[in-house]
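Worksheet: the structure to be examined is printed underneath.
The values are calculated or read from the model by the stated rules, or taken from the named source; none is laboratory data. All figures in this text were calculated on a predicted structure; none of them were measured in a lab. FYI the Cβ positions are ideal-geometry reconstructions off the backbone, even for glycines, and counts take in every protein chain you see. Side chains included, ligands, DNA and RNA excluded: accessible areas come from the protein's heavy atoms. Shrake-Rupley method; radii C 1.70, N 1.55, O 1.52, S 1.80 Å.
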Amino acid sequence: MPPVKANTKLLVLGAGRQQLGLLEAAHRRGLVVVAVDRDPSAPGFRLADRRALISFEDEPSLHRLAEAERIDGVISPANDWSVGIAARVAQRLALPHPLDPKTAALAASWLKQRERFAEAGVPHDAWLGDGPEVTVQAFSLAGELHALSGPPDVAALAARAARALGIREGPTSTRIRITPSGPQVIELAARLGSPEEVEVVRVATGVDLNALALRGALGEPIDLEELVRQPQAA
């Protein structure tokens, strides 16, 4: 892992339970964390160096805060809508980000996702439906999705979904329903999965998705070897 530049500052959109793993990873790395949440009792605030009582969906206020704090990166680790906000703030401030605003907007909208999947011929299913589900946790590098959970055929569908949305970098969490006609995408989230899902991946493969997501948000290089699955513990 590359050394952290002194006073590297990361804006994290959200400080609730779902963001705790990412915030803990940022704290361990010694980043200066600016966390926002409209809940003053958000548990992640204890891991932040600076706290702002702002909704992580309030784009104008988030942009002003990012500008004032002179952040080095911005990330939405757990909320779909603010994935697009993070990408737009990063673009306006000329900051590195794994997603461009157009791709992030597609990923943040279930309706736009389904329209794109239909155009690209990606099998997809309704949000509510019958049948078992599998969630594929993955990380993309240079346009190639590296699945870290899920059987091969389901992981291959997650890769097709990511390509259809134009996702080339960063974490994804793709819900897929197993139907009699084959696997069908329910939704693709261009962010980390739940803390429990991220921990399952870490235990099973040795890959820390929180750490990788941090590096992606800061524009740090990531080697392919870091995504190679490790043998599962007995």
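Here are some notes:
- Within the stretch 96-111, considering residues that are modelled with pLDDT under 95 and open to solvent by 60 Å² or more (accessible area, probe 1.4 Å), the one nearest to residue 78 (Cα to Cα): 110
Yes/no per residue for (1) closer than 21 Å to residue 210 by Cα; (2) polar (S, T, N, Q); (3) touching a His at 6+ places or on another chain (Cβ under 9 Å):
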residue: 51; (1), (2), (3): yes, no, no
residue: 56; (1), (2), (3): yes, no, no
residue: 65; (1), (2), (3): no, no, no
residue: 81; (1), (2), (3): yes, no, no
residue: 88; (1), (2), (3): no, no, yes
residue: 98; (1), (2), (3): yes, no, no
residue: 115; (1), (2), (3): no, no, no
residue: 125; (1), (2), (3): no, no, no
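- Only listed residue being in contact with a helix residue (DSSP H, G or I) (Cβ under 7 Å, 6 or more places away or on another chain), modelled with pLDDT of 95 or more and more than 27 Å from residue 222 (Cα to Cα), chosen from 52, 25: 52
- Every residue from the stretch 113-122 that is in contact with a helix residue (DSSP H, G or I) (Cβ under 7 Å, 6 or more places away or on another chain) and either at pLDDT below 95 or buried (at least 17 other Cβ atoms within 10 Å of the Cβ) (or both): 113, 116, 117, 122
- Only listed residue being of a type in the set (Ser, Thr, Tyr) and more than 18 Å from residue 216 (Cβ to Cβ), chosen from 76, 41, 82: 41
- Candidates 40, 60 - the one that is more than 22 Å from residue 174 (Cα to Cα) and free of Cβ contacts under 8 Å to residues at least 12 places away in the same chain: 60
- Within the stretch 1-74, strands (runs of 3 or more DSSP E) holding 1 or more residues that are out of contact with any Lys or Arg (no Cβ under 8 Å at 6 or more places or on another chain) and open to solvent by 30 Å² or more (accessible area, probe 1.4 Å): 50-52
- Any hit, the stretch 85-92, residues being in contact with a Gly (Cβ under 9 Å, 6 or more places away or on another chain), free of Cβ contacts under 8 Å to residues at least 40 places away in the same chain and open to solvent by less than 10 Å² (accessible area, probe 1.4 Å): yes
- Every listed requirement among (1) within 26 Å of residue 165 (Cβ to Cβ); (2) in contact with a Phe, Trp or Tyr (Cβ under 9 Å, 6 or more places away or on another chain); (3) open to solvent by 80 Å² or more (accessible area, probe 1.4 Å); (4) not aromatic (Phe, Trp, Tyr) is met by residue 82 save one, (3).
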